[in-house]
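S.K.: Dropping a structure here in structure tokens format, bear with me for questions.
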Amino acid sequence: ERNTRIFSYAIYHTVEEIFAWMDTFVASNAGLVSKMQIGTSYENRPLYVLKFSTGGNNRPANWINFGIHSREWIGPATGLWFANKLASEYGKDPSVTSLLDKMDIYLELVTNPDGYYFTHNENRMWRKTRAKYSGNLCIGVDPNRNFDANFAGPGASSNSCSETYHGPSVNSEKEVKAIVDFVKGHGNFKVFIDMHSYSQLLLFPYGYTSTKAKDHDELNALSKVSTTALRSLYGTPYVYGPILTTIYQSSGSSIDWAYDSGIKYAFCFELRDTGRYGFLLPAKQIIPTAEETYLGLMKILEHARDNPY
Amino acid sequence: QKTFHGDQVLRVTAKNEAEVAIVRSLGEKKHLHVDFWSEPRRALLPIDVHVSGEHIQAAKAFLELNGLSYSVLIEDLQVLLEEEKREMIASRTE
């Protein structure tokens, strides 16, 4: 795509198209957006992150990754729209401007590029990474069971053929290790959000234990504010709460790891829909989903901006 | 490229924890190769399960035998996939 203004945010794109869009987007927003590579995937694809920054050194920062489960196409599609929205609102919208004047934002738009490529070319329903391990009957690991948060505990499978296979060891997946190393190396992330679909949920720690997070009350109240804002646009109902009590037990999840690593505002979104289309959300719902999600996301980012810790 | 002709996604609503456990046991029947799009969690929460066309009758029979009610969420997965593909090709051409 030669121009981000003629790029269609209302359709799903291949990984190659998204990577090409990133270059155009960065070039169109020089001084605000830059592209970083934080690693490579199992099949040697680059793991790119878009950095939104108005200057400063190692500012407090927000992390959002999209599409760690490759078949959830609405994730990257929402991420592209969100990136464009941030860039176009900076300098116009007071809240976005104030946010970016104080904090940096890092977006990993295609968190599992091998899986995403595979969903476009081989198997639309693929969810995991594409890593092969000797002795395993099946290919791939659930990257959202591979983080260091009660790794291999209840709510993750030791069977390589399972959709929730935790992998041979913690951070075994290059896609996961790249995030862990980058976030740890940065050291000043205040928000960590993992975008998934579907089922319209906003979740926070913990997934591996029924023990309440020490910030439970604040996270719960913030979830209410976020989901209320999200719902205000199209009436999309969201349920919120800790992962374990709201959906099910899951060990090794990204946001549990982030929270235990000291990032208080750790959330996981499950975007539309309620199950009519599941992972095959029609493209005509991309923009409405992105628009409503933007409202919910902004409430979390604004809260982090206004409540430094 | 893997195709999904005749595959369906069923929505099961378990009335109690015992029924949730029955649905979960469906996932343990390896020969059925079911894929939970939405995991069995708690009673009254919808459970979405993708079953291949080859095994759909067996999966439905299992649910009916155990007195579980379900509806068909996606009648034919491949139809949706083809629609998705058509849209992408059309948009790219445009």
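S.K.: Take the residues in the range A:263-277 that are assigned to a loop (DSSP other than H, G, I, E, B) and under 18 Å from the mean Cα position of the chain (by Cα); name whichever of them is modelled with the lowest pLDDT.
M.R.: Ranking the candidates gives A:273 first.
S.K.: Which one is nearest to the other protein chains (Cβ to nearest Cβ) among residues in the range A:105-150 that are part of a helix (DSSP H, G or I) and closer than 16 Å to residue A:63 by Cβ?
M.R.: So in the range A:105-150, the residues part of a helix (DSSP H, G or I) come out as A:113-121, A:143-145.
Next, from what is left, pick out any that are closer than 16 Å to residue A:63 by Cβ: A:143-144.
Details: A:143: 17, A:144: 13 Å.
Filtering the range A:105-150 for residues that are part of a helix (DSSP H, G or I) and closer than 16 Å to residue A:63 by Cβ, the one nearest to the other protein chains (Cβ to nearest Cβ) comes out as A:144.
S.K.: Something else: Pairs under 6 Å by beta carbon, first residue of a type in the set (A, V, I, L, M) in the range A:251-266, partner in a loop (DSSP other than H, G, I, E, B), six or more apart or different chains?
M.R.: Correct list of pairs: A:255/A:205; A:266/A:205.
Yes/no per residue for (1) of a type in the set (Phe, Trp, Tyr); (2) buried (at least 16 other Cβ atoms within 10 Å of the Cβ); (3) in contact (Cβ under 8 Å) with a residue 60 or more places away in the chain; (4) within 14 Å of chain B (Cβ to nearest Cβ):
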| position | (1), (2), (3), (4) |
| --- | --- |
| A:23 | no, no, no, no |
| A:35 | no, no, no, no |
| A:49 | no, yes, yes, no |
| A:69 | no, yes, yes, yes |
| A:75 | no, yes, yes, no |
| A:79 | no, yes, yes, no |
| A:86 | no, yes, no, no |
| A:96 | no, yes, yes, no |
| A:103 | no, yes, yes, no |
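S.K.: Separate question: Just to check your reading of the model, which residue among B:93, B:3 is in contact (Cβ under 8 Å) with a residue 40 or more places away in the chain, within 13 Å of another protein chain (Cβ to nearest Cβ) and farther than 30 Å from residue A:243 by Cβ?
M.R.: After applying the criteria, what remains is B:3.
S.K.: Name the single residue, out of those in the range B:16-50 being more than 18 Å from residue A:157 (Cα to Cα), outside any helix (DSSP H, G or I) and without any contact (Cβ under 8 Å) to a residue 40 or more places away in the chain, that is farthest from the other protein chains (Cβ to nearest Cβ).
M.R.: B:16
S.K.: Would you mind finding the one in A:219, A:244, A:281, A:202 that is in contact (Cβ under 8 Å) with a residue 24 or more places away in the chain, in a helix (DSSP H, G or I) and under 18 Å from the mean Cα position of the chain (by Cα)?
M.R.: A:219
The values are calculated or read from the model by the stated rules, or taken from the named source; none is laboratory data. The structure displayed is predicted, hence computed values, not measured ones. Methodologically, a virtual Cβ is constructed for each residue, glycine included, from the backbone with ideal geometry; neighbour enumeration extends over all protein chains shown.
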